[in-house]
Structure formats: C-alpha cells, structure tokens
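The values are calculated or read from the model by the stated rules, or taken from the named source; none is laboratory data. Just so it is clear, the structure is predicted and the values come from calculations on it, not from any experiment. We place every Cβ from the backbone using ideal geometry, glycine too, and count neighbours over all the protein chains shown. Protein only, heavy atoms only, side chains kept; ligands, DNA and RNA dropped before computing areas. Shrake-Rupley method; radii C 1.70, N 1.55, O 1.52, S 1.80 Å.
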There are 2 protein chains.
Amino acid sequence: MKRNTWQREAVRGALDGNDGFVSAQGLHSALHAAGSPIGLATVYRALADLAVTGEADSLQSPEGESLYRACSTDEHHHHLICRNCGLTVEIEADAVETWAKDVAAQNGFTGAAHVVDVFGLCAECTAKFAASA
Amino acid sequence: MKRNTWQREAVRGALDGNDGFVSAQGLHSALHAAGSPIGLATVYRALADLAVTGEADSLQSPEGESLYRACSTDEHHHHLICRNCGLTVEIEADAVETWAKDVAAQNGFTGAAHVVDVFGLCAECTAKFAASA
DNA sequence: ATGGTTTTGACAATCATTATCAACAGGGCT
DNA sequence: AGCCCTGTTGATAATGATTGTCAAAACCAT
C-alpha cells in the first residue's frame, strides 16, 4: 500500500515551486535550508517514485547528474533547457516522435525509446553573455 | 605539444575494434584482459582526448555511465542503440537538426546543442525476447 | 645521449546514488 | 480509542564511476 507522508508532500511541493530542473542533491539541500529535516535517501526515493508515477520528469544533465522537474502534463514531451540559468521550456515534438519511431522501425528495432533534449542559452542569458563579452 | 604514446594507440585501437558503445571501465577491463598494463586513469584521459578531437563519440547511458565509440565520420550524427546487445547504428537526422535549431530559435535560445539518441531492441534481440516470452 | 616537458599510473579523494536496517508512523480493524 | 501490521524513514555505510595528485618514466627535438 502507498502511504501519504509529509515527506513525500514536501518533495512534491518543492518540485512544484521550482521552474527548472533540480538535482536530487540540490532539492535536498533546499529542503534542509528551508528547515525540513528530511533525509537524503528519502528525497531520492520520493523523486524516483514521482518519476515512476509520471508526476515528475527526469533527465540527465551533461555532467551526469539526474535532474527532476514537476511535469505539468502527463503526456510525453521534451525540453529546451538553458544551460546557464536552468530555465526550462516544455516542447512538443510530434515530428521527432514519428521520426524516432520510423528510424527505429527501418532498422528493425522495437520498443524504441528516445532521449531528445535541447540545451542552449535562453534569450536572457544570451544577452548577459553578449554584454560581458 | 601532443605526444604519441602506445597507450593512446591502444585505446584508439580498442575503440576501433568495437562495434558498439563501451564504457571507460569496460574498455579498461578489456585492455587489461588483453594483457595491456594500461592504467585506468590513462584510459579516461585518452577517451576524453579522443572525444574532444572528434575521433570518438560520447554519450551517457540511461544508467549514467559515460559511453564511448569510435566515430566513422567526423560529421554530426546520432545513434540508434540496442539496449540489450549494445548494437549501434549511426543515423542521420537532418530533420531533427533543423527542428532542434528552429525550436531553440523560436524560444530565443542560442548556441543550441541537442541530445538525440534512440534506444530500443534490435531485430535480433526482439526475436530473442519474443521466443523467451 | 641530454634536457625539458608531457604523460603515465597507482592511489587517494570526490561525488552522486543505492543499500542497510533498526526505529517509526500510517491507517485499517476491532 | 487502541493495536498491530507493514510501508516508510533516515543516519550511515557501501558502491561505483570519475577526477585529482604527484613522483617516476617516456617522448622528442637538439
């Protein structure tokens, strides 16, 4: 049976209150900073659960950390992520969906899953960099 | 200055002789098994170098390991990877390239880089699974 | 062969993540 | 309400990949 604990709520809430992706470690620190005595292992477990139930989305940063984000929809979608400030835009990619499926099929692959994420500099950060350069 | 050492050649050779992606750890084990006394740190360094010079391609497995592969071309391309046997097919994806660029531009992002890889079961493994199911 | 510099490699350090396991708490049941 | 069973927690240890360290060895031009 699945029980309702304040810890799980805390993690869910922390995710909701965040615009971009957060690492498990970061989320734990944030919760601690906010005074919550939640344990690190619990944060990992809660995040894994949320990811499984589809309430959260997970991806890997180029540095190898696992990042999580509250998902507004439970549909399949991808992300456009600012590599500087972490701003995230959800993007739809029907074209890519079908492309991935086609390519897989053409090569005899089944059960195709794909990793499609775009990293870049958002407008704001681009301006910031241009100014400082 | 860049020096030519047998260790670097060994890593390059081991990569060339491999069809799919290999982890740094795996490559090191393989070299050791083949009798090479090469050090683990050296393998990591060599792989990083090859990745930078474009002679090798790197991506992250869903488990978070860094995987490397000798690249037949120095052009930008993506991969279709069997999640069971590691078979890798290089795929071209002009459509995706432009899509990624467009999406980024539409949202004011610059310097867009993208991670596009497709994981699935190759025909062989699909058959194997079907038989055992 | 020599010298200056890069590279190597054994090992320690780091970092994220997972496992352990005893103490604890949720919630259905009486 | 009180109890008990079972899922959950959390401090800490364990794991596993990767990176840093630094003296010794190798490379290459001279």
Inset, instruction - Please enumerate the residues belonging to region A:14-50 that are farther than 16 Å from A:GLN60 by Cβ and in a loop (DSSP other than H, G, I, E, B). - result: A:GLY17, A:ASN18, A:ASP19, A:ALA34, A:GLY35, A:SER36, A:PRO37, A:ILE38, A:GLY39
Legend entry - Selection within region A:98-127 - open to solvent by 50 Å² or more (accessible area, probe 1.4 Å), of a type in the set (Val, Ile, Thr) and facing chain B (nearest Cβ under 7 Å): A:THR110, A:VAL115
Inset, instruction - Would you confirm whether any residue within region A:49-58 is surrounded by 14 or more Cβ atoms within 10 Å (Cβ to Cβ), away from chain B (no Cβ under 14 Å) and either of a type in the set (Gly, Ala, Ser) or near DNA strand D (Cβ under 9 Å from one of its atoms) (or both)? - result: yes
Inset, instruction - Determine the pairs where a residue that is among the aromatic types (Phe, Trp, Tyr), located within region A:95-116, has a partner that is in a strand (DSSP E or B) with Cβ atoms under 8 Å apart, the partner being 6 or more residues away or on another chain. - result: A:PHE109/B:LEU80; A:PHE109/B:CYS82; A:PHE109/B:VAL118; A:PHE109/B:GLY120; A:PHE109/B:LEU121
Inset, instruction - Confirm whether B:GLY64 is touching a Gly at 6+ places or on another chain (Cβ under 6 Å), within 16 Å of DNA strand D (Cβ to nearest atom) and not hydrophobic (A, V, I, L, M, F, W, C). - result: yes
Inset, instruction - Taking the residues in region A:11-38 that are within 9 Å of DNA strand D (Cβ to nearest atom) and open to solvent by less than 30 Å² (accessible area, probe 1.4 Å) as candidates, determine which candidate is farthest from the other protein chains (Cβ to nearest Cβ). - result: A:SER36
Legend entry - Among the candidates A:SER61, A:SER66, A:SER132, A:SER72, residue that is modelled with pLDDT of 80 or more and either of a type in the set (Gly, Ala, Ser) or open to solvent by 50 Å² or more (accessible area, probe 1.4 Å) (or both): A:SER66
Inset, instruction - Scan region A:73-81 and give yes if some residue there is β-branched (Val, Ile, Thr), away from DNA strand C (no atom under 15 Å from the Cβ), free of Cβ contacts under 8 Å to residues at least 12 places away in the same chain and more than 14 Å from chain B (Cβ to nearest Cβ), otherwise no. - result: no
Inset, instruction - Would you check if there is a residue in region A:110-118 being at pLDDT 75 or above, closer than 16 Å to B:GLY108 by Cα and in contact with a Ser or Thr (Cβ under 7 Å, 6 or more places away or on another chain)? - result: no
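Evaluate the following for B:GLY17: is it without any contact (Cβ under 8 Å) to a residue 12 or more places away in the chain, over 26 Å from B:ILE81 (Cα atoms) and not charged (D, E, K, R)?
No: the conditions fail for B:GLY17.
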